[in-house]
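The values are calculated or read from the model by the stated rules, or taken from the named source; none is laboratory data. Keep in mind the model is a prediction, meaning the values are calculated, not measured. Counting neighbours? That spans all protein chains shown, and the Cβs are built from the backbone with ideal geometry, glycine included.
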Amino acid sequence: MRYLLILLFSLHLFAIDASMKIEKDVEHRSRIAVIDGSDVMNGKVSRIFLSDLKISGHFLSDGTVHKGDFSGSFVPPGLKGREYIVKYRYTNPNGPKLEVRLLKASDGSQLFEKSYALSNAQKMPFLVHKAVYDINRILKYPDIGWINRYVVFSRYTAPKRSEILLADYTFTYTKVIIRGGLNLFPKWADSAQKSFYYTSYAGLVPTLNKINIYTGSKSTVASSEGMIVCSDVSDDGGKILLTMAPEGQADIYEMSLFTGSKTRVTHFNGVDVSGKYLGRSGQIVFVSNRLGYANIFKKSIGSGAVSQVVFHGRNNNAVDAHGSTIVYSSRESNNAFGGNRFNLYLSSANGGTTRPLTTTGSNQFPRFSTDGKIVLYIKQRGGSSSVGYINLESSQSLLFPLGGRKIQSIDW
Amino acid sequence: MIKQTVWTAITLTAFFFSGCGQTAPTLDGTKGKNNFTDATEISGDTVTVNESGEGGGLGNSSADGFRSVYFDFGDYSISGTMQSKVSADAARAAQTSGKIKIEGNCDEFGTDEYNYALGLKRAKAVKDAMAAEGVQNGRMVIISYGESNPVCSSPTDSCYARNRRVDLRLAR
């Protein structure tokens, strides 16, 4: 018996670290259960509910959607240990309709009730996103407005052929906006997501166009021999950072959308691309091969001094920024026979620690959410690709499978 | 004594795990309130624009008597073995009139804008080499297709090598 007590005590000691880690992880999350009160359960709706709750970083569900009644205040005894119960009923008689109720698990009292309806059945995922957004808001958690946003992306369909599509963040909903031709590098032009910039290869030289996704009206913003890409849009939408090559050299320019004037920001006889505003600091980060390999640098728009930001890896060829925080992809094998393994790292443009975000597969196209709390990326592993999301605060992550066609660029 | 110790351990463990729960955010007056509404906020149909008929030009090899120039991995300098192709292309240019389109291409190793800039450097290298052989700069237009225009897609180095190239053709 003495040995049994020693064993129990030892197990308890070893369990402390794990428990404390779990406690820290769930510290700010509410335990929640989801009950489907629909006549016919819809697997897609269930999966999106669970994904939304998980990636919000504010809820801890048991990963299951339970079957139950919608209307009453009854909470199954097994779910009383949660703090909240979400009950929903999904119907699709004349367009999708989602009714949602939020109950307090302990006594079944109702905290919130709302219905959401659409005429377009394809946009069903946005009903769920909006419902979870509202639940999150009602419970006074930090805003998760990014969950309602469109993702815009381009993908190759054949050599010199592509299409640009919209998706919800889970890629359950997708719709082609520009079909045919070679149209690349879509970038949202405004925070309301009414228009996006993209590069058209319809003419002899690449052209930067802007299209309104609701009216289809297009306008030409700029063109350049060689290449032209809209890499970033200022917070107020009044300026854009371009990668252009009017003299055959890829450099970064800032363009005022009010005057149409362009200011050359980088001057280098090599590759300078992917300029991203560092908040409103008047500085940018960008990718350059000025050390002989692709790496991340920063500079002020109005001055010539350039400083290295990343001191890790030998091929860091994509970056995104939110405030002074940056996320970049680093190729871990640097030769043609070394596979195509890229990993993502989180760091600061002002120095400090670097945090790895991924460890397996090929992880590229990192993009911050509008609030900088989530990182979107594309993962290739084996023969399949997925869109991934990492909640930087809760470390929760999600992957959604994509079709076989190769993603060219993406924006959120 | 042992029984008492075991029960104490169980009680402490239960107490410890009960601490993992956390306080719910405070609500103000929405409890039990029926705010059932038909939301119309998620609306607005988007368009689909068809640009299939708009130019751009197909073809993933050189044409009009020009020959493609190939590059090493991650490189944009013209090797000694490729110089003869550039010379042949310059000679071919002398036999033609009108603009020559020089298209830079890359393998699939690379992301986003960097790969397009690399393709552009390759196209620029060929343009400069052609100019050195007497072709007028004003006749040549460079463009990068990045990794968008592969001639093959198998995961072999010989295939990747075929995609790291510059194609030349007469602009139409």
*Would you check if there is a residue in region A:121-133 being surrounded by fewer than 20 Cβ atoms within 10 Å (Cβ to Cβ) and at pLDDT 95 or above?*
yes
*asked:* Condition check: part of a loop (DSSP other than H, G, I, E, B), under 22 Å from B:Ser148 (Cα atoms) and at pLDDT 95 or above. Does B:Phe66 satisfy that?
replied: yes
*Take region A:134-147 and flag every residue that is in a helix (DSSP H, G or I), in contact (Cβ under 8 Å) with a residue 40 or more places away in the chain and within 11 Å of another protein chain (Cβ to nearest Cβ).*
A:Asn136
*Can you tell me which residues in region A:90-111 are within 28 Å of A:Ala167 (Cβ to Cβ), over 28 Å from the mean Cα position of the chain (by Cα) and outside any loop (DSSP other than H, G, I, E, B)?*
A:Thr91
*Within region A:212-264, track down each residue that is in contact (Cβ under 8 Å) with a residue 24 or more places away in the chain and touching a helix residue (DSSP H, G or I) at 6+ places or on another chain (Cβ under 7 Å).*
A:Gly226, A:Met227, A:Val229, A:Ser231, A:Thr243, A:Ala250
*Would a scan of region B:58-72 turn up a residue that is under 17 Å from B:Ala125 (Cα atoms) and touching a Phe, Trp or Tyr at 6+ places or on another chain (Cβ under 6 Å)?*
no
*With respect to the numbered conditions (1) within 14 Å of chain B (Cβ to nearest Cβ); (2) in contact (Cβ under 8 Å) with a residue 60 or more places away in the chain, which one is the sole condition not fulfilled by A:Leu402?*
(1)
*Number of positions in region A:247-261 that are within 14 Å of another protein chain (Cβ to nearest Cβ) and within 26 Å of the chain's Cα centre (by Cα)*: 2
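Taking the stated definitions as given, is A:Tyr150 among the hydroxyl-bearing types (Ser, Thr, Tyr) and touching a residue at least 40 places away in the same chain (Cβ under 8 Å)? Can you show your working first?
Values: among the hydroxyl-bearing types (Ser, Thr, Tyr): yes; touching a residue at least 40 places away in the same chain (Cβ under 8 Å): yes.
So A:Tyr150 passes the test.
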*Output the residue which, of all residues in region A:159-188 that are more than 7 Å from chain B (Cβ to nearest Cβ) and on the phi > 0 side of the Ramachandran plot, is surrounded by the most Cβ atoms within 10 Å (Cβ to Cβ).*
A:Phe185
_Among the residues that make up region A:104-112, is at least one of them crowded, with 17+ Cβ neighbours inside 10 Å and more than 7 Å from every other protein chain (Cβ to nearest Cβ)?_
yes
